[in-house]
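Input: a single structure, listed below in structure tokens.
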Amino acid sequence: TLQDKLDSVFKKLRGQGVMTEDNIKEALREVRLALLEADVNFKVVKDFVEKVRSRSVGTEVLQSLAPGQQVIKIVHDELVLLMGGGEDNSLDLAAKPPVSIMMVGLQGAGKTTSCGKLARYLKSQRRKPLMVPADVYRPAAIEQLKTLGRQLSIEVFDSSSDQKPVDICANAIRYATLNGFDTVILDTAGRHQIDDYLMDELDAIKRAVEPREILFVADAMTGQEAVNVASGFNDRLDITGVILTKLDGDAKGGAALSIKAVTGKPVKFVGLGEKLDALDVFHADRLVSRILGMGDVLTLIEKAQATFDTKEAERLQQKLKKNQFDLEDFRAQLQQIKKMGSLESILGMIPGVGKAMKQMQGVQPSEKELKRIEAIIDSMTRKERADHTVINGSRRLRIAKGSGTSVQEVNQLLKRFSEAQKVVKQLQKLGPKGLMKGMKG
Ligand code: GDP
Ligand code: MG
């Protein structure tokens, strides 16, 4: 990770007194590469590195911080600042209802999905949202939103693809006023690229509806072109904020930096999956940690806190301390993991866990497999569960018979388990100290 690289770069610096142009050159090069790797726009990177350079030069090399941490700290703080850390990036819905939110962006960015997520979020905030399908071009776009509405029990305005989007939106506002909806979410059409026709249409909707928020929905996977697209939308529509989607994938989210740097508009939410609850309020520091390759420990802890059974976590923590992760724990773990969502998305948030994750592949079971695994573990004796090394050939046969499975399946499970044991050991070693503490709450 960047941290490791900088650590070694800065080892040389120890005792040199102050940072100079010369002795931070290498470190800045690493920072530059890390940002480019995270898909931050090259111009943004250039400006940024310049800023860090001027802030670093002349600074004393502290003995108390590990040397690499010092530049990381400066880089981190500057990035958080750039991302709007500390600014208020909440939705501005303080107006006479119905207040409207307009979603804009390229096709496939996640507008329709984000409409559903946002409506769900607003409902949880005791608001009464109405969703409005105004994408009349893409086949089945209206139906897509209606399906989300049914899943969420949130009303979707009745529109059809032979109407003009601007009329649909204007009618929807009237409907909302008459029927007591306080928030109207407009799902507009996208294109593969920015074009004038689309922009004119969006502009017409904006004039007709005067939305309080215009949220530009951006795919986190978008690379260098994110800047052009975002400024294209911002120049025409004067967006009020950004939703960064698909941050559950491999993308580091550098696009968010570029967009914020170029438009000056805050990221308000991030999308973390296809499911409708996969929406998080944006935290600048977390995104920055992710971009710098420091993992997203905070998000992990929160997520784990929300789903982990506290007692179970405490028990597990005790066992981990004594290095006694056994098959009983494995079974409990699998159940917890299922509750937490995709294993990979969770492990991906822990610093340096990439390697462990590869080993873990195939450890996450399907519903059916989970049942089988449980049956197998249930057929073991207490002793076998506590120490799997005693399970020899004849025991395997007995367990297979007892659980209605095959010896092969028992072998497979034991293999998985020892892999999981390895991962657990690695996690302990990496151990962000607060991790288990965080889970305890
Ligand atoms: P639109 O064309 O902008 O309305 O995009 P959609 O909402 O139809 O989304 C396009 C695809 O991206 C769909 O398959 C969504 O399930 C998926 N998608 C949207 N948001 C996310 C997200 O945060 N994470 C992931 N993994 N997929 C997402
Ligand atoms: Mg759509």
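The values are calculated or read from the model by the stated rules, or taken from the named source; none is laboratory data. Since we're looking at a predicted model, the values are computed, not measured. Cβ sites come from the backbone with ideal geometry, for glycine too, and all protein chains shown count toward neighbours. For the accessible areas, the whole protein counts, side chains as well, though only heavy atoms, and no ligand, DNA or RNA atoms are used. Shrake-Rupley method; radii C 1.70, N 1.55, O 1.52, S 1.80 Å.
Just a few scattered comments:
- A full extension of the chain between ARG127 and THR177 corresponds to an added length of 16.6 nm, given 0.36 nm per residue minus the alpha carbon distance.
- Extension gain from VAL57 to GLU87, taking 0.36 nm per residue of separation minus the Cα-Cα distance: 8.1 nm
- Note on ASP238/GLU274: beta-carbon distance plugged into 1/(1 + (r/R0)^6) with R0 of 30 Å gives a FRET efficiency of 0.50.
- Accessible area of SER124 (1.4 Å probe, protein heavy atoms only, ligands and nucleic acids ignored): about 80 Å².
- Taking one quarter of the surface of the convex hull spanned by the alpha-carbon atoms of the range 168-262 gives a direction-averaged projected area of 6.8 nm².
- Within the shell defined by Cβ-Cβ distances under 9 Å, the residues around LYS117 carry a net charge of +1, with Lys and Arg each +1 and Asp and Glu each -1.
- Over 26 Å apart at the Cα level, from the set LYS117/LYS252; LYS371/LYS415; LYS43/LYS206; LYS96/LYS265; LYS128/LYS260, are LYS43/LYS206; LYS128/LYS260.
- Using a probe radius of 1.4 angstrom, the carbon and sulfur fraction of the accessible surface of the range 99-293 is 46%.
- Taking the convex hull of Cα positions in the range 99-293, its mean projected area over all directions (nm²): 10.0 nm²
- With DNA, RNA and ligands ignored, accessible area of MET103 (1.4 Å probe; Å², nearest 10): 0 Å²
- The range 194-273 and the range 399-413 have Cα centres spaced 52 Å apart.
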